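Everything on this sheet refers to the single structure shown next.
Each value in this text was obtained by applying a stated rule to the coordinates, not by laboratory testing. From a predicted model like this one, the values you see are computed outputs, not experimental measurements. Cβ placement follows ideal geometry from the backbone for every residue including glycine, while neighbour counts extend to all protein chains displayed.
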């Protein structure tokens, strides 16, 4: 085989090798991600989700809005406690 | 600040804005039990919709979240046109206005994967569960893993319910 052709073939082989390695790395990462997510699925409290699924989408949103209002109240209460503690320290 | 959905969604719908609810609030609509502190909206980049979003949100003082106060940030059609994805804090709570999602998909790409929801006296579009899972997976963020796991369980549970 002429020298030029041989080095072109080598270059193509090298490029294919890198592409194969990249593809394998991506597949490995995807597979690892899949294992993590599958593991996490075991820890999900299905009873909470089943309760939510009994509601209509609107009821779920209303429940969420009311919960977030509650969280907001708690956050404000926490801020007040921290502010008061700071004032007392000064 | 968590979003005031009871005010935000009717304001946008009545203004005629074209958007799809995605992210954590869409997950809530599908039955997720996780809390979320902002609302993610995938919006149409049409000239008309950009003008509608600019007019509808302007009175609620949108500002770039995490940006230092006092930046010369004006919320108008030109700003929306020049940008794509905006993380905003407003008087209605934190809103992420997205022109496209992780895989580069836009409003028109995902419109066929949305369905109508009625809540707070208006009807709006929400992303369907399989697509919501797909775009969360495409984003590939470690912080989304638990959310993806929950959404997959929700998909399993809803399929069981249908049988």
10 Å Cβ neighbours from other chains, averaged over peptide B:87-96: 0
Sequence ranges B:136-144, B:49-57, ranked by mean other-Cβ count within 10 angstrom, highest first: B:49-57, B:136-144
Label-to-label distance, nm, for residues given as residue A:83 and residue A:47 (7 Å Cα→Cβ offset): 3.9
Sites residue B:139 and residue B:115 - FRET efficiency at Förster radius 22 Å, r taken between beta-carbons, to 0.05: 0.55
Approximate spin-label separation residue A:23-residue A:66, in nm, with each point projected 7 Å along Cα-to-Cβ: 5.5
Nitroxide proxy distance, nm - points 7 Å out along Cα→Cβ at residue B:34 and residue A:34: 2.1
Chain B: angle of helix B:145-162 to the longest principal axis, Cα-based, in degrees nearest 10: 60
Gain in span if fully extended, residue A:58 to residue A:15, counting 0.36 nm per residue against the direct Cα distance: 10.0 nm
Sum of -39500 (n - 2.57) over DSSP H runs of 4+, divided by residues of chain A (222 nm, nearest 500): -32000 deg cm²/dmol
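Kindly state, to the nearest 0.05, the FRET efficiency for residue B:84 paired with residue B:55, given R0 = 22 Å and r defined as their beta-carbon distance. Could you put the intermediate results ahead of the total?
Details: r = 19 Å, r/R0 = 0.88.
The pair residue B:84/residue B:55 has a calculated efficiency of 0.70.
Report the full-extension gain for the segment residue B:156 to residue B:71: residue separation times 0.36 nm, less the Cα-Cα distance, to one decimal in nm. List each step's numbers first, then the result.
Working: separation 85, 0.36 × 85 = 30.60 nm, distance 4.68 nm.
Full-extension gain reported as 25.9 nm.
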Helix A:57-89 vs. chain A, principal-axis angle (Cα, 0 to 90°, nearest 10): 70
Efficiency of FRET from Cβ geometry, residue B:123 and residue B:64, R₀ 22 Å, rounded to 0.05: 0.15
C-alpha long axis of helix B:47-57 to longest principal axis of chain B, angle in °: 80
